[in-house]
Amino acid sequence: MAAMRSEFPGINLRVEISNWQLLLKRLLEEDIEFFIADHRDLPSDPNLHIRPLRSDPGGFYVRAGHPLTERGAVTLKQVWTHGVLSVRLPAEVRAVLCRLLGIGSSAELSLALECDDVEVLKDVALACDSVLAAPHIAVAADVAAGRLHPLKVTGLPSLSSETGVVTLRGRTPSPMAELIISRLPASSATAAD
């Protein structure tokens, strides 16, 4: 957004941070032109066009000096005892975590704090002993600066976010929306139909 404002100082942008359910409602009501989200739980709808962007590995992170950093590796149950902070987890990720924690249903999986804004979650993780679950790209600067530390969780399979741009099929985006979408970092994946 900073690059767009620098290059086009006369434009006005509005950014909303929310979960995909609320953003999908706004898109279908044509209040927004597109949104970016983990697209795995989106309903199969012929009116939607999803352009996959990237797959980002995720993990668990704690503040510098956290008691779990004193251990070489920890279990998922040890992580959960400190309280986990996360955005709304995709059903696939919830199922994996439930299986590993021995929880019967994903409805029983509780997060200490669920928030759509990763920056809020990072602030909380940096101020207490709760554990942040996030894609590495969202915390890379904090890890590099030594503020957050990745945890090595034994028995945890590779988890990732699957980010995509969601638009309405058959709609022509505004020139600015098209420019922003074209500049988003993409993977080699093709658009889902």
Residue that is surrounded by the most Cβ atoms within 10 Å (Cβ to Cβ) [pool: residues in segment 136-165 that are part of a loop (DSSP other than H, G, I, E, B) and of a type in the set (Ser, Thr, Tyr)]: Thr154
Hey, Gly59 surrounded by 18 or more Cβ atoms within 10 Å (Cβ to Cβ) and at pLDDT 95 or above or not: yes
Flag if Ala125 is of a type in the set (A, V, I, L, M), touching a Lys or Arg at 6+ places or on another chain (Cβ under 8 Å) and either over 20 Å from Ala144 (Cα atoms) or assigned by TED's automatic domain parsing to the domain that holds Leu28 (or both): no
Some residue of segment 134-151 being among the β-branched types (Val, Ile, Thr) and modelled with pLDDT of 95 or more: yes
Filter pass, Asp38 being under 18 Å from Ser174 (Cα atoms) and not aliphatic (A, V, I, L, M): no
Cβ pairs under 6 Å, 6+ apart, first in segment 16-28 and over 13 Å from Pro43 (Cα atoms), second of a type in the set (D, E, K, R) and outside any helix (DSSP H, G or I): Ile17/Asp116; Ile17/Asp117; Ser18/Asp116; Asn19/Arg88; Asn19/Asp116
Residue that is surrounded by the most Cβ atoms within 10 Å (Cβ to Cβ) [pool: residues in segment 41-55 that are over 12 Å from Gly164 (Cβ atoms) and in contact (Cβ under 8 Å) with a residue 24 or more places away in the chain]: Asn47
Test: Ala141 is among the small types (Gly, Ala, Ser) and within 30 Å of Glu29 (Cβ to Cβ): no
Among residues of segment 103-135, those that are within 17 Å of the chain's Cα centre (by Cα) and in a loop (DSSP other than H, G, I, E, B), counted: 5
Subset tally (residues that are over 16 Å from Ala107 (Cβ atoms), surrounded by fewer than 18 Cβ atoms within 10 Å (Cβ to Cβ) and not β-branched (Val, Ile, Thr)) for segment 77-94: 3
Pairs where the first residue, in segment 126-151, is over 12 Å from Phe60 (Cβ atoms) and the second is polar (S, T, N, Q) and surrounded by 21 or more Cβ atoms within 10 Å (Cβ to Cβ), C-beta under 9 Å, 6+ apart: Ile137/Ser161; Ala138/Ser161
Residue tally, condition surrounded by fewer than 10 Cβ atoms within 10 Å (Cβ to Cβ) and over 13 Å from Ile180 (Cβ atoms), over segment 13-40: 2
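The values are calculated or read from the model by the stated rules, or taken from the named source; none is laboratory data. All values reported here derive from a predicted model rather than from experimental measurement. A quick note on method: Cβ atoms are made from the backbone with ideal geometry, for glycine too, and the neighbour counts reach across all protein chains shown.
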